[in-house]
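Engineer: Quick one: structure below, then a few questions.
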Amino acid sequence: MHSDDFSPALCSGGQVLARRQGPLGLITLHRAAALNALSLGMVRDLTTVLLQWRADPAVQAVLVQGAGREGKPPAFCAGGDIRFFHQAALAGDPRLEDFFTEEYALNHLIHGYPKPCIALMDGVCMGGGMGISQGASLRVVTELSKLAMPETHIGLFPDVGGGWFLARCPGHVGEYLALSGEVLDAADAIAFGLADVQLPSAVLPALVEALGDGSSTTGAQLEAAVRARAVAAGEGRLAALQGQIDLHFSRPTLGDIITSLTGDDSDWARHTLGALHKRSPLMMAVALEQVRRARHLSLADDLRMERDLVRQCFQLRPGTASETVEGIRALVIDKDHQPRWNPSRVEDVTPDQVAAFFDSPWPAVVHPLRALD
């Protein structure tokens, strides 16, 4: 196999590995102990590599995978480094602003990438992992895949372009996934338009080797070689419930959705209500508005809106008063799983509280993502 080491000036200390194998540019997220969660250095390295390979005629397609964990289930990417978010927010660290600006620009770069981009979404793929995989031209899931946008669980909203790609799920599935953070398996991910093909997890290492052996020389041939190994995904558990999902999550307000679910005595409705009762009422209301606005936005405009939203998550109520800081505290810092949401009840969330998140803190001409098209 022809393999060329590729070593641009990467800054993440080995958290991103990049090399060319024949016509394939191979990127490995190499932070397995943290489920390959994205650091700022990783975002910068991914951007550096993708920009360099975009202009390199030797690279016909790019493949992104997560490093494996010995004896443990795989993870593509569990999201962003939320411990860093917590520390940076409390310390006033300006790198927090840099992280989101650069991450969203990376998401946009992947969505518009001119060469085939293959994402092997094996194992956990959530939050920021969805951000770097949803723009890929071929999104591969396996029987071990677990896809979700669980941000309302930490007092955030489904960012990284989540408004855009969730809004383009069938019916009102986007609202359901945004509010509940429900985890999807491979079949449901494909049914809801968040993945393209399923492959057995065990074949992925051999697949990567085969793609780099030179027998496929164009991007189209490399993609076709992956598709040729696809297996039937079967029917998704949640896809069969889309009628119920649409019935409840098409309601005009968060309160109406809760009321509608309360009148449904199915196991799914009870499970969903239980999940919603654990989420931040305020951020569920923000996420609902986000997805509905995003249905009518371009990807670039959605990312600009999300950049406004995430700034407000940390600045409208700074420090420990932030829903996001509190949500991360409860989940991963103190691990008491008892977030003190404010407001604590859905009925106490006001339209003005939600609207404040959508006020951009920047004039358009100096918006951090103004260059996105």
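We did not get these values from a lab; they are worked out from the coordinates using the rules stated. Model, not experiment: these values are computed from the prediction. Reconstructed Cβ throughout: ideal geometry from the backbone, glycine too, with neighbour counts over all protein chains shown.
Engineer: Can you show me the helix-derived [θ] at 222 nm for the chain, built from DSSP H runs with n ≥ 4 at -39,500 (n - 2.57) apiece and divided by the number of residues, rounded to the nearest 500.
Structural biologist: Dividing the helical sum by the residues of the chain leaves -12000 deg cm²/dmol.
Engineer: Could you check the simple spin-label distance between residue 301 and residue 350, using points 7 Å along Cα→Cβ, in nm with one decimal?
Structural biologist: Taking the simple label geometry, residue 301 and residue 350 are separated by 2.9 nm.
Engineer: Express as a percent, rounded to the nearest 5, the fraction of DSSP beta bridges in the chain (both residues included) that run antiparallel.
Structural biologist: Taking every DSSP beta bridge with both residues in the chain, the antiparallel ones total about 35 percent.
Engineer: Sorted by packing (mean other beta-carbon atoms within 10 Å per residue), highest first, where do 360-370, 173-183 land?
Structural biologist: 173-183, 360-370
Engineer: Peptides 291-302, 207-218: what's the order by average Cβ count within 10 Å, highest mean first?
Structural biologist: Ranking the peptides 291-302, 207-218 by packing returns 291-302, 207-218.
Engineer: What residue among 67, 58, 37 has the largest mean-square fluctuation in a Gaussian network model of the chain, using Cα springs under 10 Å?
Structural biologist: Greatest mean-square fluctuation among the candidates belongs to 58.
Engineer: Also: How much length would be gained if the chain were fully extended between residue 250 and residue 228, taking 0.36 nm per residue of separation minus their Cα-Cα distance, in nm to one decimal?
Structural biologist: 4.2 nm
Engineer: Follow-up. Which ordering of 334, 45 is given by a fewest-first count of other beta-carbon atoms within 10 Å?
Structural biologist: Least crowded to most crowded, the residues run 334, 45.
Engineer: Distance in nm between label sites at residue 362 and residue 11, each 7 Å beyond Cα in the beta-carbon direction?
Structural biologist: 1.7 nm
Engineer: Where is the GNM fluctuation largest for the chain (alpha-carbon springs, 10 angstrom cutoff): 332, 346, 49?
Structural biologist: Judging by the Gaussian network model, the answer is 332.
Engineer: Note down the relative contact order for region 3-366 as a percent, whole number, built from C-alpha pairs under 8 angstrom at least six residues apart.
Structural biologist: Relative contact order, region 3-366: 16 percent.
Engineer: A further question follows. Name the lysines eligible as straight-distance cross-link partners of residue 335: C-alpha to C-alpha under 24 Å, and not fewer than 8 places from it in the same chain.
Structural biologist: 72, 146, 278
Engineer: Loop-only GluC sites (Glu not before Pro) in region 1-107, please: DSSP not H, G, I, E or B, and at most 13 other Cβ atoms within 10 Å.
Structural biologist: For GluC sites (Glu not before Pro) across region 1-107 that sit outside H, G, I, E and B with at most 13 neighbouring Cβ atoms in 10 Å, the list reads 70.
Engineer: Would you kindly derive the ³J(HN,Hα) couplings of region 282-292 from the backbone phi angles with the Karplus curve 6.51 cos²θ - 1.76 cosθ + 1.60 (θ = phi - 60°), listing them in order in whole Hz, with x for Gly and Pro?
Structural biologist: These are the phi-based 3J(HN,Hα) values: 4, 6, 5, 5, 5, 5, 4, 5, 4, 4, 5 Hz.
Engineer: If you find the alpha carbon centre of region 56-131 and of region 184-254, how far apart are they in angstrom?
Structural biologist: Rounded to whole Å, the Cα centres lie 18 Å apart.
Engineer: Still on this structure, please answer the following. Label-point separation (nm) for residue 237 and residue 91, each offset 7 Å from Cα along Cα-to-Cβ?
Structural biologist: Using points 7 Å along Cα→Cβ, the separation is 4.0 nm.
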